[in-house]
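Student: Sharing a structure with you now.
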Amino acid sequence: MQQHNLTAKRAGLVLDFTMVLNAPMSQAHDGDGNDERGRARTCSERDVVGDWGFSLQGSVVGLGPAAGVGVMHLDQYGRITGAETVHLNGEVQKLTFNNGSYRVFPDCTGEAVFIGEPGTGEGYGTVSFAIVQRGAALQLLATTPGRVLSGRAERLHR
């Protein structure tokens, strides 16, 4: 069992399961990506600042099925912290992350990099996301090679 823990940590799983965020969108938007006046919607980091709950499902190449749930905080400086429970090929682990960063693009997509706690070997991972439902949720896709994971994040507070 110890060997599997190290394998999962080296795989960077903690980082792939980490994208699910509290602040209203900077302007009202319709379902077509436009504001109430029909102008193209734009987003920034302030649209995702806050606390989020998230889940991801899929697999890790060479290790098997994977799923995770957790919470994370995105601050106004582009940093991410949080914790998650990961289920990898039948083994459950509780992990924390304190060294991550994110950025949001004007088209309301973004990307995040997660780095585990220093000295723990918990690894590294990347996620792309799209801001949806007027900023109430994020669609997530792991972009770390070997991770076939997707999921969703929802705001914990409004």
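What follows is calculated from the coordinates using simple rules that are stated; it is not laboratory data. Because the structure is a prediction, the values reported are computed rather than measured. Neighbour counts run over all protein chains shown; Cβ positions are idealised from the backbone, glycine included.
Student: Out of residues 5 or more away from CYS43 or on other chains, whose amide H comes under 5 Å of its own, with H placed 1.01 Å from N in the peptide plane?
Tutor: ASP107, CYS108
Student: Just to verify a number: FRET efficiency for ALA130 and ASN89, C-beta to C-beta distance, R0 = 30 Å, to 0.05?
Tutor: Rounded to the nearest 0.05, the efficiency is 0.60.
Student: Using θ = phi - 60° and the Karplus relation 6.51 cos²θ - 1.76 cosθ + 1.60, list the HN-Hα couplings for the range 55-66 in order, rounded to whole Hz, with x at every Gly or Pro.
Tutor: Result, rounded to whole Hz: 8, 9, 9, x, 8, 10, 3, x, 10, x, x, 8.
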